[in-house]
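**Q** Once you've had a glance at the structure underneath, I'll fire off some questions.
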């Protein structure tokens, strides 16, 4: 019957067959269709407002501006208005707004809320009222055009299924929270609960009262000023009699609004979607959606000092992610590297209750105040050169927004609550640091250096917190080509895990500049020294000067190269290269000294009792033969053998 459907046959009580005893009342039969007539339920707010303010007021009580659709509706609304004709703009005949406008098309009146064209109009003439875009009802029930900036009374149309929620008390059922706005007590609308509570305007004390209708006792009164204000939205109430464990004279925050559980209630009574809450934008008219935006609900002070347990009370797992963003300098001399990197440690804390997480983004960054409430892992960078590091920035964020639950339905702020065990926390820190790296220079300039960023957890976390690299990552985001090196590989080192983390990366030296500045010039000097062996023996000055010059130039080249490398006692391949060429140039000089023109002082190549059959002196002939064998066979063979050995060693050293 309440749903206006066909009468059913009940199995508990039948009004057709039961014998009823009627005491103190009159009974009569009523046609079901008459009970289900769609009569408008209108409530008048007898305060003067602009049409925008009036529409907003109706929306906040879950209603719309009244629009009569039949003559009987218009007559009923006019009868209600007649009770306030001396209150609603007493100096004018225009009394109350009608929720219509012809702003889109002159003379075509449409609903302000639905934009539907009206089929029923109550203007005195067919074109009356079209000079203004708003309309109001006059005292005689006719409509007329009106300026939208004028102030009139407000008539709101309420659906029979719409209601408001009173939150902040201790109702044991959601149905007890429901309140409907009703017609007037003390010349103002009142709010009637479904059970035993009512909110009325107190005519004597001029304030809104929450009354228990069973005991006729005032439980609370609203701390509101101004007769035009209604207790819709969030307001503070003073306890007049102990209720819900609240002592007398204490202040309680209550909310009266049409917002369902999943919506946020502004202080004004407007409802917004939860994702608009605490999004750094004012979506409530009064900006109350950006108030009390703390994410972390603090349980106790110890939760920020002690590490949380892992799942089932196990060891807490920290998942690391280290990204090298830039390598600023590679200092070969001091064996140190200046770089920037971003370290992210991710974990869960099942002790936390989180609010205001953004489900439409990849995470929610916590404010400094919220970050101070959360336990954060501590660690130490262990391979810094002289402790040189600088924390550029730090953020603590919640990675996800999962498994949200609503608080208890009496809660004034129906903000979603997210459990800490299913929403991961990430500590993101960006550093610039100078780390040490032992350079193994044996294969220089074809060397590959493996350097690392090393950190470890403090000893007190040893049995409670550990690093796990299985789900972590190590990456490099900067340019691969540096001035002297290329970055070829970044990964977790073998020592990673437990309370240590090592991120290793390979520096491959770029050989181009070294080859062009050392190997090619030294090879060319070797060729020049070899060429001096073909100069005529009589030109001793030419041979000696050229040989000595090549040796001096080569040694200078070697000294300059040595100064660009760290001072180490170990022998490098490039040292062997230079030592070999220096030795060859020295031998060439010795050859030039001892292989000279024949004469009595040439003791090395002077043989007696040798019969000379040619026109060439005996000593000169022997010197030429030895010189030819050395320059054409001996020296090339030695150089070839060494070159094969050297480059084989280079390849094997990689």
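The values are calculated or read from the model by the stated rules, or taken from the named source; none is laboratory data. Only a predicted model underlies this, so the values are computations on that prediction, with no experimental measurement involved. Here the Cβ is made from the backbone with ideal geometry for all residues, glycine too, and neighbour counts use every protein chain on show.
**Q** Taking the condition of being part of a helix (DSSP H, G or I) and within 55 Å of the chain's Cα centre (by Cα), how many residues in the stretch 81-93 meet it?
**A** From the stretch 81-93, those part of a helix (DSSP H, G or I) are 81-82; that's our starting set.
Right, trim to within 55 Å of the chain's Cα centre (by Cα) and you get 81.
Going through the stretch 81-93 one residue at a time, the tally reaches 1.
**Q** Could you look through the stretch 271-288, keep only residues that are in contact with a strand residue (DSSP E or B) (Cβ under 6 Å, 6 or more places away or on another chain) and part of a loop (DSSP other than H, G, I, E, B), and pick out the one that is modelled with the lowest pLDDT?
**A** Here the answer is 277.
**Q** Answer with yes or no whether residue 392 is buried (at least 20 other Cβ atoms within 10 Å of the Cβ) and within 25 Å of the chain's Cα centre (by Cα). Don't jump to the end; show me each part of the working.
**A** Numbers: buried (at least 20 other Cβ atoms within 10 Å of the Cβ): no; within 25 Å of the chain's Cα centre (by Cα): yes.
No, not satisfied.
**Q** With respect to residue 312, is the statement that it is over 30 Å from residue 565 (Cβ atoms) and part of a loop (DSSP other than H, G, I, E, B) true? Explain how you work it out, then say what you get.
**A** Working: over 30 Å from residue 565 (Cβ atoms): yes; part of a loop (DSSP other than H, G, I, E, B): no.
Considered against the rule, which asks whether it is over 30 Å from residue 565 (Cβ atoms) and part of a loop (DSSP other than H, G, I, E, B), residue 312 comes out as no.
**Q** Does the stretch 99-107 contain any residue that is over 48 Å from the mean Cα position of the chain (by Cα), assigned to a loop (DSSP other than H, G, I, E, B) and more than 14 Å from residue 55 (Cα to Cα)? Steps first, please.
**A** Our first condition is that a residue be over 48 Å from the mean Cα position of the chain (by Cα); within the stretch 99-107, this holds for 106-107.
The next check asks that each one be assigned to a loop (DSSP other than H, G, I, E, B); those that pass are 106-107.
Pick out the ones that are also more than 14 Å from residue 55 (Cα to Cα) and you get 106-107.
Yes, the conditions are met somewhere in the stretch 99-107.
**Q** While we're on this one: Restricting the stretch 606-634 to residues that are surrounded by 13 or more Cβ atoms within 10 Å (Cβ to Cβ) and in a loop (DSSP other than H, G, I, E, B), which is modelled with the lowest pLDDT?
**A** 606
**Q** Also, quick follow-up: Among the candidates 557, 585, 548, single out the residue that is over 24 Å from residue 641 (Cα atoms) and either surrounded by 12 or more Cβ atoms within 10 Å (Cβ to Cβ) or in the same structural domain as residue 437 (by TED's automatic domain parsing) (or both).
**A** 548 is the lone residue from the list that is over 24 Å from residue 641 (Cα atoms) and either surrounded by 12 or more Cβ atoms within 10 Å (Cβ to Cβ) or in the same structural domain as residue 437 (by TED's automatic domain parsing) (or both).
**Q** Name, by its number, the condition in (1) without any contact (Cβ under 8 Å) to a residue 12 or more places away in the chain; (2) farther than 20 Å from residue 427 by Cβ; (3) under 19 Å from the mean Cα position of the chain (by Cα) that does not hold for residue 312.
**A** (3)
**Q** Also, quick follow-up: Please verify whether the stretch 510-520 includes one or more residues that are surrounded by fewer than 17 Cβ atoms within 10 Å (Cβ to Cβ), touching a helix residue (DSSP H, G or I) at 6+ places or on another chain (Cβ under 8 Å) and part of a loop (DSSP other than H, G, I, E, B).
**A** no
**Q** Moving on to the next point. Quick check on my filter: what residues within the stretch 193-225 are loosely packed, with under 13 Cβ neighbours inside 10 Å and under 44 Å from the mean Cα position of the chain (by Cα)?
**A** Scanning the stretch 193-225 gives a single hit, 225.
**Q** Here is a follow-up. Among the numbered criteria (1) touching a helix residue (DSSP H, G or I) at 6+ places or on another chain (Cβ under 8 Å); (2) outside any strand (DSSP E or B), which one does residue 438 miss?
**A** Unmet condition: (1).
**Q** Quick one: count up the residues across the stretch 265-306 that are in contact (Cβ under 8 Å) with a residue 60 or more places away in the chain, farther than 27 Å from residue 350 by Cβ and loosely packed, with under 12 Cβ neighbours inside 10 Å.
**A** 0
**Q** When residues of the stretch 376-405 are filtered for being without any contact (Cβ under 8 Å) to a residue 40 or more places away in the chain and closer than 23 Å to residue 464 by Cα, how many remain?
**A** Looking only at that region, the number is 2.
**Q** Would you mind stating whether residue 252 is under 23 Å from residue 413 (Cα atoms), surrounded by fewer than 20 Cβ atoms within 10 Å (Cβ to Cβ) and touching a residue at least 60 places away in the same chain (Cβ under 8 Å)? Full working, then the answer.
**A** Working: under 23 Å from residue 413 (Cα atoms): yes; surrounded by fewer than 20 Cβ atoms within 10 Å (Cβ to Cβ): yes; touching a residue at least 60 places away in the same chain (Cβ under 8 Å): yes.
Taking the combined requirement at face value, the residue satisfies it.
**Q** In addition: What is the number of the single condition among (1) exposed (fewer than 15 other Cβ atoms within 10 Å of the Cβ); (2) on the phi > 0 side of the Ramachandran plot that residue 356 does not meet?
**A** Evaluating residue 356 over (1) exposed (fewer than 15 other Cβ atoms within 10 Å of the Cβ); (2) on the phi > 0 side of the Ramachandran plot leaves (1) as the failure.
**Q** Within the stretch 480-509, track down each residue that is part of a loop (DSSP other than H, G, I, E, B), within 28 Å of the chain's Cα centre (by Cα) and touching a residue at least 12 places away in the same chain (Cβ under 8 Å). Break it down stepwise before answering.
**A** Taking the stretch 480-509 as the starting set, the residues that turn out to be part of a loop (DSSP other than H, G, I, E, B) are 480, 482-484, 493-496, 499.
Adding the requirement that they be within 28 Å of the chain's Cα centre (by Cα) leaves 480, 496, 499.
If the condition is that a residue be part of a loop (DSSP other than H, G, I, E, B), within 28 Å of the chain's Cα centre (by Cα) and touching a residue at least 12 places away in the same chain (Cβ under 8 Å), then 496, 499 are the ones that fit.
**Q** Suppose the filter is farther than 25 Å from residue 592 by Cα and over 30 Å from the mean Cα position of the chain (by Cα); does residue 512 pass it? Steps first, please.
**A** Working: farther than 25 Å from residue 592 by Cα: yes; over 30 Å from the mean Cα position of the chain (by Cα): yes.
Taking the combined requirement at face value, the residue satisfies it.
**Q** Looking at the stretch 315-326, which of its residues are farther than 14 Å from residue 376 by Cα and in a strand (DSSP E or B)?
**A** The answer is 321, 322, 323, 324, 325, 326.
**Q** Could you figure out which of (1) touching a residue at least 12 places away in the same chain (Cβ under 8 Å); (2) within 30 Å of residue 233 (Cβ to Cβ); (3) out of contact with any helix residue (DSSP H, G or I) (no Cβ under 7 Å at 6 or more places or on another chain) isn't true of residue 408?
**A** Against the list (1) touching a residue at least 12 places away in the same chain (Cβ under 8 Å); (2) within 30 Å of residue 233 (Cβ to Cβ); (3) out of contact with any helix residue (DSSP H, G or I) (no Cβ under 7 Å at 6 or more places or on another chain), residue 408 comes up short only on (1).
**Q** Where in the stretch 171-270 are the strands (runs of 3 or more DSSP E), entirely inside, with at least 1 residues that are over 23 Å from residue 157 (Cβ atoms)? I'd like the intermediate steps shown before the answer.
**A** Working: elements: 178-185, 188-193, 197-202, 207-212, 217-222, 233-239, 251-257.
Of the strands (runs of 3 or more DSSP E) lying wholly inside the stretch 171-270, those with at least 1 residues that are over 23 Å from residue 157 (Cβ atoms) span 197-202, 207-212, 217-222, 233-239, 251-257.
**Q** Give the stretch 635-646 a look and list any residue that's surrounded by 15 or more Cβ atoms within 10 Å (Cβ to Cβ) and under 14 Å from residue 527 (Cα atoms), or say none.
**A** Matches in the stretch 635-646: 635, 638, 639.
**Q** Do you know which of the residues in the stretch 530-544 that are in contact (Cβ under 8 Å) with a residue 60 or more places away in the chain and assigned to a helix (DSSP H, G or I) is surrounded by the fewest Cβ atoms within 10 Å (Cβ to Cβ)? Lay out the reasoning, then the answer.
**A** First, pick out the residues of the stretch 530-544 that are in contact (Cβ under 8 Å) with a residue 60 or more places away in the chain: 530, 532-534, 537.
Restricting the remaining residues to those that are assigned to a helix (DSSP H, G or I) gives 530, 532-534.
Details: 530: 18, 532: 23, 533: 18, 534: 11.
Going through the qualifying residues, I end up with 534.
**Q** Let me ask something else. Among the residues that make up the stretch 356-378, is at least one of them part of a strand (DSSP E or B), under 23 Å from residue 289 (Cα atoms) and modelled with pLDDT under 95?
**A** Of the residues in the stretch 356-378, the ones part of a strand (DSSP E or B) are 364-365.
Imposing the further condition that a residue be under 23 Å from residue 289 (Cα atoms) reduces the set to 364-365.
This time we only want the ones that are modelled with pLDDT under 95, so: 364-365.
Yes: one or more hits.
**Q** Please determine, by comparing only the residues of the stretch 469-479 that are surrounded by 17 or more Cβ atoms within 10 Å (Cβ to Cβ) and outside any strand (DSSP E or B), which one is farthest from the chain's Cα centre (by Cα). If you could, list the steps in order and put the result at the bottom.
**A** We begin by selecting, within the stretch 469-479, every residue surrounded by 17 or more Cβ atoms within 10 Å (Cβ to Cβ); these are 469, 472, 474, 476.
Among the residues that remain, those that are also outside any strand (DSSP E or B) are: 469, 472.
Working: 469: 23, 472: 19 Å.
Once the filter is applied, the top-ranked residue is 469.
**Q** Right, something else. Any idea which of (1) touching a strand residue (DSSP E or B) at 6+ places or on another chain (Cβ under 7 Å); (2) over 24 Å from residue 259 (Cβ atoms) is the one residue 113 doesn't satisfy?
**A** The single condition residue 113 does not satisfy is (2).
**Q** Among the residues of the stretch 121-134, are any touching a strand residue (DSSP E or B) at 6+ places or on another chain (Cβ under 8 Å), outside any loop (DSSP other than H, G, I, E, B) and buried (at least 16 other Cβ atoms within 10 Å of the Cβ)?
**A** Narrowing the stretch 121-134 to residues touching a strand residue (DSSP E or B) at 6+ places or on another chain (Cβ under 8 Å): 121-124, 128-134.
Subset that is outside any loop (DSSP other than H, G, I, E, B): 134.
Those left that are additionally buried (at least 16 other Cβ atoms within 10 Å of the Cβ): 134.
So far as the stretch 121-134 goes, yes, one or more of its residues are touching a strand residue (DSSP E or B) at 6+ places or on another chain (Cβ under 8 Å), outside any loop (DSSP other than H, G, I, E, B) and buried (at least 16 other Cβ atoms within 10 Å of the Cβ).
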